[in-house]
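Read through the structure below, which is laid out as structure tokens, and then see the notes.
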Amino acid sequence: MLKILSLILHDKRGIFGISTLLFFSLIGIFAPYISPYDPFAIWTPNLPISLRHPLGTDPLGRDVLSQLIWGSRTSLIVSFTAALGIMGIGLTIGLISALSRPLVDEVLMRFTDVILYIPKLPLLIFFALILGRGFLNVVLVLSLTMWPQTARVIRSEVLSIKQRPFIDAAKIAGAGTLKILAIILPHIFPLILASILTLITWSLIYEASLGFLGLGDPSVMSWGTMFHYAFLSGAIYLRNYAPIIAPGLCITLIGVGMNSLISVLEEVVNPKIKEVRRWKPF
Amino acid sequence: MESEIDAFRQDHLVHIIHLKIYFPIKGSVFFSKRYVRAVDDVTFSIEKNKITGLMGESGCGKTTIGRAIVMLERPTEGKIIFEGKDIWKLNKTELKNFRRSVQMIFQDPFASLNPLQTVFGNLSLPLSVHGLSKKSEMRELCARTLEEVKLSPEYLDKYPHQLSGGERQRVCIARAMILKPRFIIADEPTSMIDASIKGEICKLLIELKNKYNLTLLLISHDLSIIRGLSDVIVTMYLGKVVEILSSKKYTEFLHPYSQLLAYASDFSIEDEKLPLKGDVPSAINPPSGCRFHPRCIIATEKCKKEVPSLKEVNPGHYVACFLYDRR
Amino acid sequence: METVLEINDLHVSYFTQRGEVKAVNGVSLNVGKMERFGLVGESGCGKSTLAHSILRLIKPPGKIIKGSICVDGVDILRLSKEDLRSFRWKKVSIIFQGAMNSLNPTHRIGSQLVEAILAHERMRKEEALNKAVDLLKLCGIDPLRINSYPFQLSGGMKQRVVIAMAIALNPSLIIADEPTTALDVVTERKILALLKDLQKKFKFSIFMISHNIDMLVNFCDRIAVMYAGKIVEVAPTKCIISHPLHPYLRGLLRSRDALSRGEFWFISGSPPDLINLPSGCAFHPRCQMIAEKCRRESPTLKEVEHNHFVSCHMVG
């Protein structure tokens, strides 16, 4: 594990990715101390960028920078938790599917397909309306709708590892399904890690979407809530773009950071295997 | 339980009886179930303490039979009897026992080792599965098994990618030996090993077989390896057994296909002299009658219509060919 | 003898994280016109790298460090990209290891053949198609199969398609890198017979690379032995069989002979790591007849008798 970390940090992309992650996490953690003002406190609306309000104020008079900082806390907590929830369900179903009898696998995969084929956003809205507002519900909703992709990815990777002769050798030695699982798990750690990073990005985006629609919790500041109020208060007509661009940029930045990390991760994991297989060009 | 060839004999460890293994082909356009007939009604037995060589080209079913014996493939029909018991009808304890008695060595030594574990990790897996030794003793046991394959204990902490091909295969052999099995199936053990080291692996297999009174099933497409190691040679073609002979009393192959293989493998024979005819057929739609007839230079009308069965032509020498039918 | 290929002091290395892999470490050899030339060596000796270098197919982290490769008198290492394109496939073509799997599974074999032809020569599509049909016939494939996909063909047939592609533009030299490794022995013999036949018809030279010395003895006029990036022996096939000189070659032949007698013989140790080559002669750790000199100095290829070269301190 430590080897992987050091290899990642040797690559510029890795440094960028990890810094982005750390940066926003720290902002989120220390929000109460860093934020200049209370995000819901009202000042003069639509102020331009100034020293007192580094990102100006939104049409409702609230300081944009404070909203951004406090928002990062909620958005990140929601997306991290959701990512873990999605991975939890996806991993379990993917593993069960890959390691069970073909019939069970088939049934689980058809079920997965059903959820997968339903367009995400309407499904999310549907669940959100049923479960009601609140960020816990957002996490729940995301976990229940976004697991199919992950399940499929995990399943296909496990299936391909299952074909390899060393698994056959373990079976011949008498290993049962649980032991085989224990053997396979270390081989999919990098995949799980990379998937979680992707899921964090997607959860951020969907949280922002739900928040924008007001299905989150408008009484708690998040980046989605920022979009929500920006839209409601007509920030676009008023040409006050800060409350929209700022959170959008942050989400994009985190996304880019995650993708950088993932590409470094792939290279770190693969050349080990590539180097290890006797050099093909010879 | 009777087979066509032998009555159930005490000196035979494994009996394969009317074994059929068909693999369904998915996604057929016309919804018809088509099958690859990998193993199509095979019956023979494996003698104790001998090396049986299973020979044939790729796709003849020999690897499938090997996998079926270790229960990695499920028979479509037929039985596999090990030490008197049907392996698919074993209870839990008997199954555990079976897993300790029968082991396998694979073709690709690198792919058959867990790359994320050290040699010790790979070797101790069978031990931990069977709860056979305490942690403190495991290392000692693994070191001693490594010595059997002529590797020093310092190899225990190496990873597979740090070893050469020959060393990896020796680790695989050590892993197969660690549970002290009675029967080992070696599936193309030398085909991915360099020519200068093949002899080393072969020599090791024979030494271990003699030292521990093992029974070996050697699967290979390489005739020189089969001839060099086997006591009994079983030739397969397109899912069927076409010849069985003892190599010690070896005189000549009698079946046209075995002869073709023997001539083709001998590069000192010029190309013009080889009886080459026809192309390799498919196992989905095998030829009618004797499967070899499209490529056989002495095929007759009868060969196209009827399937020959294995008949004892000389003591211990069985051939499935109408040429040797004595009526 | 007129030469079609002249390699002079070629050095090719791969620069990996672990170090410099000296795959080709000073190789010089010639292949004559219409000659069947064989190269034998085991895994990791650099023979595939050598094959790829002749067509300048070495990609980073590999690099051709020094030396020259002359085909029909032209040093291809100094060619521009434009000229390289017209050189490839028209002067030299290659049949790769596992070539059957290098056919594009989603394209019909006819169109793949046509593509290969048109990529290197300007002609009308119909002409190329006719040529493709002729090529298939020459290689023993029913022209009706021109619209088949690779998965509909057997291994032997796929290899024939690859051979058809290789002879398409009538090159002077065809490099065959383990062309029959994945085939069963009967098909292997047929493919080799086909290659011999085509060679007589089209008068090209073949540079055949394999780990199977028996096959090379049957097929080639001259054989070179490669070990750890260097050529250690080159001689006409008759000499290779009657009096092999280099200890490695003798070891190979001996282990092969022993097996046919039911005995086992092998060369102890294993092929060296091309990053950490042994000092002096690369074979010395495994050699039975070493002297002090072998540990210190690396031997060079010397002509020991007519047309028979060996690189060994203990010979000649």
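The values are calculated or read from the model by the stated rules, or taken from the named source; none is laboratory data. Everything numeric in this text was worked out from a predicted model, so none of it was measured. Here the Cβ is made from the backbone with ideal geometry for all residues, glycine too, and neighbour counts use every protein chain on show. In case anyone asks, the SASA skips ligands and DNA or RNA and just uses the protein heavy atoms, side chains included. Shrake-Rupley method; radii C 1.70, N 1.55, O 1.52, S 1.80 Å.
If you roll a 1.4 Å probe over chain C with all protein chains in place, what percent of the accessible area is carbon or sulfur? The value for chain C is 50 percent carbon and sulfur by accessible area.
If you restrict to DSSP beta bridges whose two residues both lie in chain C, what percentage is antiparallel, to the nearest 5? Walk me through the numbers on the way to the answer.
On the way: 32 of 51 bridges.
That works out to approximately 65 percent antiparallel.
Between helix C:125-138 and chain C there is an angle of about 50 degrees, using the helix long axis and the longest principal axis of the Cα atoms.
May I ask for the accessible area buried between chains A and C, both sides summed, probe 1.4 Å, to the nearest 100 Å²? Display every interim value, and only then the final one.
On the way: alone 15350 and 15260 Å², together 29790 Å².
Roughly 800 Å² of accessible surface disappears when A and C pair.
Legend: helices of chain A (whole DSSP H runs) are marked when their alpha-carbon atoms reach 15 angstrom or more along the helix axis and their mean Kyte-Doolittle hydropathy is at least 1.6; marked are A:120-131, A:177-212.
Picking from B:S258, B:S220, B:S136, which is most flexible by a Gaussian network model of chain B using Cα springs under 10 Å? Of the options given, B:S136 has the highest mean-square fluctuation. Ordering A:64-73, A:48-57, A:158-167, B:268-277 by mean Cβ neighbour count within 10 Å, with the highest value first, yields A:64-73, A:158-167, A:48-57, B:268-277.
Summed over both chains, the accessible area lost when C and B associate is about 2500 Å², using a 1.4 Å probe.
Heavy-atom accessible area per residue, chain C, 1.4 Å probe: how many Å²? Please report the intermediate quantities before stating the final value.
On the way: 13630 Å² over 316 residues.
About 43 Å² of surface per residue is accessible.
Compared with its chain on its own, the range C:7-24 contains the following residues whose accessible area drops by 20 Å² or more in the full protein assembly (probe 1.4 Å; ligands, DNA and RNA excluded): C:Y14, C:Q17, C:R18, C:V21. In the range C:35-54, the residues whose accessible area drops by at least 40 square angstrom when the other protein chains are added to the isolated chain are C:E42; the probe is 1.4 Å and only protein heavy atoms count. The alpha carbon centroids of the range A:10-72 and the range C:277-316 are separated by 73 Å. Helix C:247-260 and the long axis of chain C differ in direction by around 70°, with both axes built from C-alpha atoms. The alpha carbon centroids of the range A:101-119 and the range C:31-49 are separated by 52 Å.
Of B:G165, A:I4, B:Q103, which is farthest along the charge dipole of the protein assembly as shown in the positive direction, counting Lys and Arg as +1 and Asp and Glu as -1 at C-beta? It is B:Q103.
What lysines does A:K12 reach when the alpha-carbon gap must be under 18 Å and sequence neighbours fewer than 8 apart in one chain are set aside? Cα-Cα hits under 18 Å: A:K3. Counting only DSSP beta bridges with both residues in chain B, the antiparallel share comes to about 60 percent.
Taken about its Cα centre, chain B carries a charge dipole of about 1000 debye when Lys and Arg each add +1 at the Cβ and Asp and Glu each add -1 at the Cβ.
Taking the longest Cα principal axis of chain C as reference, the axis of helix C:155-167 is set at about 90 degrees. Per-atom-type breakdown for the range A:1-155 gives carbon and sulfur 76% of the accessible area (1.4 Å probe, protein chains only). Rounded to the nearest 100, the interface formed by chains B and A buries 1800 square angstrom of accessible surface, both chains summed, with a 1.4 Å probe. According to the calculation over all Cα-Cα pairs in the range C:41-82, the P(r) per 5 Å bin from zero is 5, 20, 29, 25, 13, 5, 2 %.
Distance between the pseudo-spin-label points of B:D325 and A:F111 (7 Å out from Cα toward the beta carbon): 5.7 nm.
Annotation for A:R101 and B:K211: the two label points, set 7 Å from Cα along the Cα-Cβ direction, are 4.3 nm apart.
Rolling a 1.4 angstrom probe over chain B with all protein chains present gives an accessible area of which 51% lies on carbon and sulfur atoms.
From the helices alone, meaning DSSP H stretches of at least four residues, give me the mean residue ellipticity at 222 nm for chain A, per-run term -39500 (n - 2.57), in deg cm²/dmol to the nearest 500.
-25500 deg cm²/dmol
Do any of B:K50/B:K311; B:K85/B:K248; B:K158/C:K22; B:K158/C:K66 go past 32 Å between their Cα atoms, and which? In this structure, B:K158/C:K66 lie more than 32 Å apart at Cα.
Both radii were evaluated on the Cα set of the range A:142-282; the Rg over Rh quotient, with Rh as the Kirkwood radius, amounts to 1.18.
Across the options B:L132, B:L151, B:V241, the greatest Cα extent toward the positive end of the charge dipole of the range B:2-324 (unit charges at beta carbon of Lys, Arg, Asp, Glu) belongs to B:L132.
Find the Cα radius of gyration of chain B, compare it with 2.2 N^0.38 Å by division, and give the number to two decimals. Provide the component values of the computation, followed by the final result.
On the way: Rg = 20.9 Å, N = 327, 2.2 N^0.38 = 19.9 Å.
Normalised Rg, Cα atoms only: 1.05.
Note on the range C:59-96 and the range B:131-162: Cα centroid distance 49 Å, given to the nearest whole angstrom.
Rounded to the nearest 0.05, the FRET efficiency derived from the C-beta distance between A:L22 and A:T44 at R0 = 41 Å is 0.75. For the range B:163-233, rounded, prolate or oblate, judged on the Cα gyration tensor with a ≥ b ≥ c (square roots of eigenvalues), a/c < 1.5 rounded, else prolate if a/b > b/c? Note, shape of the range B:163-233 comes out oblate.
Of the residues A:V104, A:F127, A:L249, the one whose Cα sits farthest towards the positive end of the charge dipole of chain A is A:V104 (charges of +1 on Lys and Arg Cβ, -1 on Asp and Glu Cβ, taken about the Cα centre). Annotation for A:L84 and C:H243: the two label points, set 7 Å from Cα along the Cα-Cβ direction, are 7.9 nm apart. For chain C, how big is Rg over Rh, using alpha carbon atoms and the Kirkwood form of Rh? Rg divided by Rh gives 0.98. A loss of 30 Å² or more of accessible area (1.4 Å probe, protein heavy atoms, ligands and nucleic acids excluded) relative to the isolated chain is seen in these residues of the range B:88-128: B:R99, B:Q103, B:F106, B:F110, B:A111, B:N114, B:P115, B:L116, B:L125. With 29 Å as the limit on Cα-Cα distance, the pairs of B:K48/B:K240; B:K62/B:K134; B:K198/C:K201 that go past it are B:K62/B:K134; B:K198/C:K201. Solvent-accessible surface of the range B:2-324, taken per residue with a 1.4 Å probe and all protein chains present: 44 Å².
Just the C-alpha atoms of the protein assembly as shown: what Rg/Rh do they give, with Rh taken as the Kirkwood radius?
Reported Rg/Rh (Cα atoms, Kirkwood Rh): 1.03.
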